[in-house]
Structure formats: structure tokens, C-alpha cells
1. In the stretch 437-450, how many are surrounded by 14 or more Cβ atoms within 10 Å (Cβ to Cβ) and either within 21 Å of residue 131 (Cβ to Cβ) or without any contact (Cβ under 8 Å) to a residue 60 or more places away in the chain (or both)?
2. Could you count how many residues in the stretch 193-213 are assigned to a helix (DSSP H, G or I) and open to solvent by less than 60 Å² (accessible area, probe 1.4 Å)?
3. Within the stretch 45-96, track down each residue that is under 27 Å from residue 209 (Cβ atoms), part of a helix (DSSP H, G or I), hydrophobic (A, V, I, L, M, F, W, C) and in contact with a strand residue (DSSP E or B) (Cβ under 8 Å, 6 or more places away or on another chain).
4. Could you list, in sequence order, all residues of the stretch 102-117 that are buried (at least 24 other Cβ atoms within 10 Å of the Cβ) and outside any helix (DSSP H, G or I)?
5. Out of 194, 210, report the one residue that is under 19 Å from the mean Cα position of the chain (by Cα) and farther than 19 Å from residue 148 by Cβ.
6. Scan the stretch 391-426 residue by residue and report those that are open to solvent by 10 Å² or more (accessible area, probe 1.4 Å) and touching a Cys at 6+ places or on another chain (Cβ under 8 Å).
7. Keeping to the stretch 46-64, report how many residues are open to solvent by less than 10 Å² (accessible area, probe 1.4 Å), under 18 Å from the mean Cα position of the chain (by Cα) and touching a residue at least 60 places away in the same chain (Cβ under 8 Å).
8. Give the number of residues within the stretch 80-104 that are farther than 21 Å from residue 16 by Cβ and of a type outside the set (A, V, I, L, M).
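The values are calculated or read from the model by the stated rules, or taken from the named source; none is laboratory data. The structure presented is a predicted model; accordingly, all values stated were derived computationally and were not measured. FYI the Cβ positions are ideal-geometry reconstructions off the backbone, even for glycines, and counts take in every protein chain you see. Note: areas computed on protein heavy atoms with side chains; ligands, DNA, RNA excluded. Shrake-Rupley method; radii C 1.70, N 1.55, O 1.52, S 1.80 Å.
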Amino acid sequence: MLCSSIPLVNVANAMRLAFVFAPYHHKRFEENISVVDEDFGLFPPINVAYAAAIAERAGHTVRIFDANADIRLGRASEDQVLTQLQEFRPNAVGLYFSTYMFRDTLAWARRIKARLGCVILAGGVNCSVYPRETLEHPEIDFIVVGHADKSLPALLDALDGGGTIDSIAGVGCKVEGELVVHPAHSEPPDFDAFPWPSRHLLDNSRYYSFISQKRNFTIALTTLGCPHTCNFCAITRMPRGVRSVDNVEAEIREVYDRYGVREIDYFDASFLTSSSRTSRLLEAMARAPSDMEYSIRARVDSIDAHTARALAHARVRQVYLGIESSNDAILSALHKHVQPSTARRAVALLQREGVRPLGFFMLGSPEETLVTAMRTILFAMSLGLDYAQFSRTIAKPNTPLYDLLRTQTGRDYWRDYVRGTAPEERLPSPWTTLTETQIEAITKLAYFLFYYRPWYVVHALRRVRTREEFERSVRTAARMLLRSVYFD
């Protein structure tokens, strides 16, 4: 039976489909201080662009509305975006839902539904973690659970009159008032079979990261999921997929030639996988035109002398390293399976090859005390890092750390938040004796001590390459200094 109250589109398998990436704001429960979330960058909505590419490949007319970028850059107001959306006359509108930004996106779904009256599709990681709670909201007609490569085309075909919906794997809907959610396909995703993101539907000239130095800038993925077991990260529980080196290299060529991209930030949770694939991948990146540059994310134990040289040869300019702490007991409690000495060696090897290291650190982790937190801050300062990011350790949705918190408190906060029955609040950290106020104060102190050293200021100014980068750095430094005197 077709889901109740949803009309067939019947446009000869050629729907007009709009994807909207809604604007969002910093939340009290987030791990970063607000200035980091607000100023770290403006990134293309890669998940939305993948969904758009899947829909286009299925033969539909698609448009992306990056309302987040439009509004943040002052190019359009909320009403203007909705007017543009209305003028496109979509048969259906898809929105990307994360758990953190669920309520921001739901508010946009509500406005779109009221103004256009069209079908609302929800996708994103939250639909996999809390599918029924997402579908409970009256504004949402359908959800896509898991990767959309198979389920989204089947859903669009059914909406266009090609079949029933309530039996499609990876799709949830409402049948006569009842919620029906079918699990996603169980087989691992064939990442090579995915179309490349529909970057032609985005204005690629406007995106940047805090440390990007070239335009056009984009982000990309070469793997899905993560083989490691860090208990604070949800990516470890996601389905894993790996793209071939040939597929990645062809995408590099496309973004260079077609979109004028000169800098790619790879968002893989752990870019450096097996040694043979890593070597071939870095060789492919090096074959790109000489003005193409990259950033990656990596574990500290994946950096040796040979890899550092290969990264430099491939023009990887920045490597984001998950260092987390300087304390062995804390690293063990986080299931990192590394030692602080490994981080120090990785940073030194990268610096020797001219690759800029950025360290991610977590404060308020299991076993954390004021002493261990201060030692981690001093450790970060001693490494000679080009950049550092300090975050509060929180129980993110769908992580082992959150499973522990849920057991200890007897409450599923994220489920209640998605349902709208819980306020936006700080989650407790029962794994440490530090209070939430102390953890935030230490986090802000870490930023102040790291970035406002005279040596660091001089070093940072010397590496600036463009006026835009200089203005961005000064603006963020001023905002960070101001925010360090009060709590978010």
C-alpha cells in the first residue's frame, strides 16, 4: 500500500527535486566552543551533493539550495531562499538531518511544507540512528535510512507512480497513521559505484576552511566509516566503503578542470589506510597539476618517515592529527591505542617535510583531572603545531561513550531531543570529577594559552599567503579572545 495522504507525482519519471541544506547555529551541547563552530569554515554540503547526484543519475531534475551558505554570506534572506525554492516548483524537497542540527532543519521543513505543500524527504545520519523519532514529525513524509544510492531512486520512482513505497529497503513512511521503517540494505556500500557529488549545483567559489589558502576549495571522501574503535566517535559504527585509486584520481581531475578547484580537504576519518593503497593514492594525488593542494585527517600512528615524505611529494599541505591527550590512561580509556610519544614523533616528521600539522585535543575525557588537562595543554604547546583545536569530550549520538552515559543515567537524551521533548542542554560527564563549568573554562584557557603566545602570533603571520587568509585569521583571533572571558 502506498503511504497514506501522499499524492503521486506522475511526471513520467522526471520529478523536480530540490535539496535544501538548512542554516544552523551553535548548540550548548556541542563539543566545540561557539567561535570554532562559527569560524572554522564554510564547507560544501557534500552529503546533499551526493544525494543530488544519485537523483540526477536516476533521471530527475535537481537543484541544491545551500541556505546555510546563502544566509551566512548575506547573499539571501530566509524568505528569499524560500521564494527561490517556490519558483523552482519542486515536486519534493529533501533535507539533510544530523542529530545536532535536527531542530534547525525541522524548522525549515515546517516552513517549506507550509509554503509549498510538497512532499518532504529526510536523509542524513540521524535518520539511521533515530528513524522512527524522525518520522514522527508531521512535516516529514519519508526518510531514507543509510546510504541513498539504492533507496532514493526506488523512493523517487514510487513517488512518480512506479510502485509501492512501504516495502522499499532503507525507506521509512507512514501507512494509515502507522510508522513503517525498513532497514537499509545489509551489504557493504560499493563506494566506487556512487556518482561523484553534484558540484555543478553549488557555487564552488564561496567555500573555505579556516586554514585553506586557495580557491576554489572543496571537500571530498575516499572512504566511508573507520576501521578503528575510538569510543567517542560514531564513524566507527557506520558501514565501511573504499573507493579505488583510479576513481579518486578521476574525481581530482574533474574538480580541477570543471570547477576550478585548487584545494581539496579530504574528510575521511582516517585517510591513511593500508600502506599499498596509501602509496598509490598519494602518487595519484601527486600526478595532479602542480597548483593542486590537499588536506587530510590521519592517526598519529599512521605517520612514519616514508609516509611523511610521500605526503609532501603529493602536496598535502595540512594533516589533521587526532592527538586527544598527553595521558596514557586517558588515551587507553578512549580506545585510541596510541601513546603521546607517537604524536610527538608524527608532528616532527611532518614538520621536517614541510607539512603543516594540526592537532585535535579533547578535554574532560574519562580519567581527566585538572592536572592531566593542564598537562595536555602544555603538551600541545610544546609540539610546535601550526594549529590546535581543543574540544570538550561529550557523549555523541551512536557512540560507545553515549551507550555508557545512557546506561548510567537511564535516559536517551538524543532520542528525546529529536522528538522535541528535551531542552537544549549540556550532557553530564560522569566519567570525570571535573564539572561542566571547569571543562569549558579549561577549554577556553587552552585556546588562549596556545594562540596568544608572542612566538605563535609571529609564526602565524609569517605563513599567511593571502589577504583573505590574514583577515580571516585576525577576525577569528579577535572573536576568540572576546569569547574567552565568558561561557557559551
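1. Residues of the stretch 437-450 that are surrounded by 14 or more Cβ atoms within 10 Å (Cβ to Cβ), as a first pass: 438-450.
This time we only want the ones that are either within 21 Å of residue 131 (Cβ to Cβ) or without any contact (Cβ under 8 Å) to a residue 60 or more places away in the chain (or both), so: 441, 448.
Residues that pass the stated criteria total 2.
2. Pass one, the stretch 193-213, residues assigned to a helix (DSSP H, G or I): 193, 199-201, 204-206.
Within this subset, residues satisfying the condition of being open to solvent by less than 60 Å² (accessible area, probe 1.4 Å) are 193, 199, 201, 204-206.
Residues in the stretch 193-213 being assigned to a helix (DSSP H, G or I) and open to solvent by less than 60 Å² (accessible area, probe 1.4 Å): 6 in total.
3. Within the stretch 45-96, 46, 48, 49, 51, 52, 67, 69, 81 meet the criteria.
4. none
5. On the way: 194 fails: farther than 19 Å from residue 148 by Cβ.
None of the other options fit; the residue is 210.
6. 396, the sole residue that qualifies.
7. 2
8. Let us first name the residues in the stretch 80-104 that are farther than 21 Å from residue 16 by Cβ, namely 97-104.
Next, from what is left, pick out any that are of a type outside the set (A, V, I, L, M): 97-100, 102-104.
Going through the stretch 80-104 one residue at a time, the tally reaches 7.
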